[in-house]
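The values are calculated or read from the model by the stated rules, or taken from the named source; none is laboratory data. Everything numeric here is computed off the predicted structure, so don't read it as measured data. In this analysis, Cβ positions are derived from the backbone assuming ideal geometry, glycine residues included, and neighbour counts consider all displayed protein chains.
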Amino acid sequence: MATIPKLAPCPGCGETDGLDVYKYESGWRYVECDLCWYHGPGEGSIREAVKSHNDRVADLAVRRAALAAEYGPFVRHTQPRVRRAS
């Protein structure tokens, strides 16, 4: 049995506490952050969903570094988004 990789921090808010793997009715799995509503790519298994999430986080880090080198440092929002009451 393959081991499930550790989840990388959320690319939206930087936290790991709100991340979990969920399942669509069709059976596809995805990583979602309950704090900022980040939604990772859908995959056929938990392991693949976590791997795709981690790959996306790594890709975003490379893109942010390239943008920071060209335009200056990236500023991250320090407070999580809050859902407004309807």
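What the table below lists for this structure:
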{"read-out": "Selection count, segment 31-62, where residues are in a strand (DSSP E or B) and either more than 10 Å from the chain's Cα centre (by Cα) or surrounded by 14 or more Cβ atoms within 10 Å (Cβ to Cβ) (or both)", "value": "4"}
{"read-out": "Of the criteria (1) in contact with a strand residue (DSSP E or B) (Cβ under 9 Å, 6 or more places away or on another chain); (2) at pLDDT below 90, which one TRP28 fails", "value": "(2)"}
{"read-out": "Hits in segment 20-36 (condition: in contact (Cβ under 8 Å) with a residue 12 or more places away in the chain and over 17 Å from ALA8 (Cβ atoms))", "value": "TYR24, GLY27, TRP28"}
